[in-house]
Amino acid sequence: LTIGGSSQGTMTIGDLDDNTPVARFDVALRALVAGEEGRLCDGFSFNFGDISTLGGTYPKVLSAGVSVVFTDGYASYPYSDRTISISANGNVIRSVPVAPDRTDDGQWHGVSITYERDTGLTVSWTGPSGTVTVSATAQELSAQGFIAHGGSRFLFNATSGGIAATHTIDDLSITTLPVIEPVPDQITAEGELLIVPITVHGSSLTLALQ
């Protein structure tokens, strides 16, 4: 995402669900932040939502979406050094330090991010001392106006301020589960089977439930 110096990098991923809202996504990756000690800035962010609204802080986040920010040694307001923060529509909900570990220690760290429409967002970051977990409930996300609209996309952003840091991600895996919508007025019974028409990705399917 960045390679030292004063730089910024962004990686976007296309709409994986054909304009259908998602009920859940699971993201797994490895992250490495390296550079000269005392000159590591600012951090990187994971984002899901309307990627045209990227901006604001460093690293940048979405003003219409959910974001997770991993900060380095010199963080920019409103974030603190070496923390993991969850924000929705640009508003920070929760921020947790990784101390005694460091996000910018030049080592690979496992990261997992899970979103469920009914429960919220959970982030896990694994360091030498153990796993740091940060969560925001569905109610907290909704209170900031976040809705997982159809057409939402994934985006990573990193910035190194006027100092220097290399931000690298690897082994990225993203799995999504689209919202499945039943068609109530078309549910019928055939003997011991319940026939339930549903819509997935705009396509009509039929479930037979016993």
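The values are calculated or read from the model by the stated rules, or taken from the named source; none is laboratory data. This one's a predicted model, so the numbers in the text were calculated from it and none came from an experiment. Quick reminder, even Gly has a Cβ in these numbers, built from the backbone with ideal geometry, and neighbours come from all protein chains shown. The area values use the complete protein model at the heavy-atom level, side chains included, leaving out ligands, DNA and RNA. Shrake-Rupley method; radii C 1.70, N 1.55, O 1.52, S 1.80 Å.
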_Six or more apart or on different chains, Cβ atoms under 9 Å: show the pairs whose first residue is in segment 104-123 and among the aromatic types (F, W, Y) and whose second is not in a strand (DSSP E or B)._
Y115/L141; Y115/A148
*Which condition number does G4 fail, the rest of (1) part of a loop (DSSP other than H, G, I, E, B); (2) crowded, with 17+ Cβ neighbours inside 10 Å; (3) not β-branched (V, I, T) being met?*
(2)
*Only listed residue being hydrophobic (A, V, I, L, M, F, W, C), open to solvent by less than 30 Å² (accessible area, probe 1.4 Å) and either within 16 Å of S67 (Cβ to Cβ) or in a strand (DSSP E or B) (or both), chosen from A158, A164*: A158
*Looking only at residues in segment 69-82 that are free of Cβ contacts under 8 Å to residues at least 40 places away in the same chain and surrounded by fewer than 22 Cβ atoms within 10 Å (Cβ to Cβ), which one is farthest from the chain's Cα centre (by Cα)?*
G73
*Failed condition for S52, given (1) open to solvent by 30 Å² or more (accessible area, probe 1.4 Å); (2) in contact (Cβ under 8 Å) with a residue 40 or more places away in the chain, with all others met?*
(2)
*Collect the residues in segment 29-65 that are modelled with pLDDT of 95 or more, under 21 Å from D104 (Cβ atoms) and polar (S, T, N, Q), keeping them in residue-number order.*
S45, N47
*asked:* If the requirement is being assigned to a loop (DSSP other than H, G, I, E, B), modelled with pLDDT of 85 or more, of a type outside the set (S, T, Y) and out of contact with any His (no Cβ under 7 Å at 6 or more places or on another chain), which of these qualifies: D15, D26?
replied: D15
